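Asks: Dropping a structure here in structure tokens format, bear with me for questions.
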Amino acid sequence: MKTSGNTILMTGGGSGIGEALAHRFHDRGDTVIIAGRRREALEKAAEGRERIHVVTLDVEDAAAVDAFAKTIVADFPALNVLFNNAGIMKFEDLTGHRDLADAEATLTTNILGPIRLTNALIDHLVGQSDAAIVNVTSGLAFVPLVAAPTYSATKAAIHSYTVSLRTQLEGKVEVIELAPPGVQTDLTPGQAHRPGYVPLEEFADAVAAQFAQTPTPSEVLVDQVRPFRMAEREGKFDETLKNLTKRAAEQRAAGDRIQSGN
């Protein structure tokens, strides 16, 4: 991926990781189109940055995604980077019958969303020079958080999809995977202040440094996520899963105490 001068479409760009990276890409000389459902949040994220543009997008509507892609290509013909960042995460109890609305919404946003948008833009991207697709997965793609089973499964699926996409598009479009660790964002309630999670600005700086490399790594991994990525390869999967399950429960409990002031 070029180190500046790109035109980037960033989904989920109104908050969290998407917003922080959109700012860094803008400030190094890229044009960034941030997309999401909440226009007010998008406009706030774009404030004061002339090369950040705002568009609304709902990936739950397949027809709307195709129409959106046609409009984006018409309005921004230089578009050469798709950054599939939007995602949702819910905690789920699998021990009894439940309403599956959260699980189904997670599948739609986290799997169908990137697949639909990639499909809608692929013909345009193949025709662009220096084209790239960046899929945001998670350390949980490699070691699941058992309290968020559907989220973890969606990220594992997008990791696999990214490997296939990279292989099929070799020589045509660069395909990059960004796998974050737990980052202090509003992805789940209380996470923005949860002890043990990586501060957002620290994470964004580390990621931006890797995107400044030539060539860009095919997997962008900060130090805190590498133990997850390597767990199975190093024979540490069971140990890592056990430790993650225990630590995550402790972190959420500590965060809840901080939020409640106790």
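Asks: Which of the three applies to the stretch 188-252, rounded, prolate or oblate, going by the alpha-carbon gyration tensor with a ≥ b ≥ c and a/c under 1.5 meaning rounded? Mind showing how you got there, number by number?
Replies: Values: a/c = 3.77, a/b = 1.24, b/c = 3.05.
Oblate.
Asks: What does the convex hull of the Cα atoms come to per residue for the chain, in Å³?
Replies: In the chain, the Cα hull volume divided by residue count equals 136 Å³.
Asks: Taking the chain as the reference, fit the longest principal axis to its C-alpha atoms, fit the long axis of helix 149-168 to the helix C-alpha atoms, and give the angle between the two in degrees, 0 to 90, nearest 10.
Replies: Once rounded, the angle reads 40 degrees.
Asks: Okay, next question. Within the chain, how many Lys pairs that are eight or more residues apart, or on different chains, come under 25 Å at the alpha-carbon?
Replies: Close lysine pairs found across the chain: 11.
Asks: Moving to a separate point now. Which trypsin sites (Lys or Arg not before Pro) does the stretch 108-203 hold that lie in a coil by DSSP with at most 14 other beta carbons within 10 Å?
Replies: When the trypsin sites (Lys or Arg not before Pro) of the stretch 108-203 are filtered for loop state and at most 14 Cβ neighbours within 10 Å, K172 remain.
Asks: Trypsin sites (Lys or Arg not before Pro) within the stretch 187-256: which are DSSP loop residues with at most 15 other Cβ atoms inside 10 Å?
Replies: Counting only loop positions with at most 15 other Cβ atoms within 10 Å, the trypsin sites (Lys or Arg not before Pro) in the stretch 187-256 are R233, K236.
Asks: I would also like to ask the following. Report the extension gain between R49 and A209 in nm, rounded to one decimal, defined as 0.36 nm multiplied by the number of residues separating them, less their alpha carbon distance.
Replies: On the way: separation 160, 0.36 × 160 = 57.60 nm, distance 2.05 nm.
Extra length from R49 to A209 when fully extended: 55.6 nm.
Asks: So, one more: In the stretch 6-87, which GluC sites (Glu not before Pro) are in a loop and have at most 16 other Cβ atoms within 10 Å, using DSSP for the loop call?
Replies: Filter output for the stretch 6-87: E47, E50, E60.
Asks: Could you compute the FRET efficiency for S4 and F237, with r as their C-beta to C-beta distance and R0 at 45 Å, rounded to 0.05? Can you show the working numbers first?
Replies: Working: r = 39 Å, r/R0 = 0.87.
Efficiency at R0 = 45 Å is approximately 0.70.
Asks: Also, quick follow-up: Given 0.36 nm per residue, what is the gain on full extension from A249 to A101 after removing their alpha carbon distance, in nm?
Replies: Numbers: separation 148, 0.36 × 148 = 53.28 nm, distance 2.35 nm.
My answer for the length gained is 50.9 nm.
Asks: Nearest 10 degrees is fine. How inclined is helix 113-126 to the longest principal axis of the chain, computing both from alpha carbons?
Replies: Helix 113-126 sits at roughly 30 degrees to that axis.
Asks: Something else about it: Please identify, among V136, V54, V73, the residue showing maximal mean-square fluctuation in a Gaussian network model of the chain using a 10 angstrom Cα cutoff.
Replies: V73
Asks: Please list, in chain and number order, the residues 5+ apart from I176 or on another chain whose amide H is under 5 Å from its amide H, with Hs placed from the backbone.
Replies: Excluding prolines and chain starts, which carry no amide H, the hits are I133, V134, N135.
Asks: OK, next. If you build a Gaussian network model of the chain, linking Cα atoms that sit under 10 Å apart, which residue out of D123, D205, D99 swings the most?
Replies: Of D123, D205, D99, the most mobile in the Gaussian network model is D99.
Asks: Can you run phi through the Karplus equation (6.51, -1.76, 1.60; θ = phi - 60°) for the stretch 206-220 and list ³J(HN,Hα) in whole Hz, with x for Gly and Pro?
Replies: Coupling constants for the stretch 206-220: 5, 5, 4, 5, 6, 6, 8, 7, 10, x, 5, x, 5, 10, 8 Hz.
Read-outs: derived from the displayed coordinates by stated rules, not from any lab. Computed from a prediction, not measured in an experiment: that's the story for all the values here. Don't worry about glycine lacking a Cβ; one is built from the backbone with ideal geometry, like all the others, and counts go over all protein chains shown.
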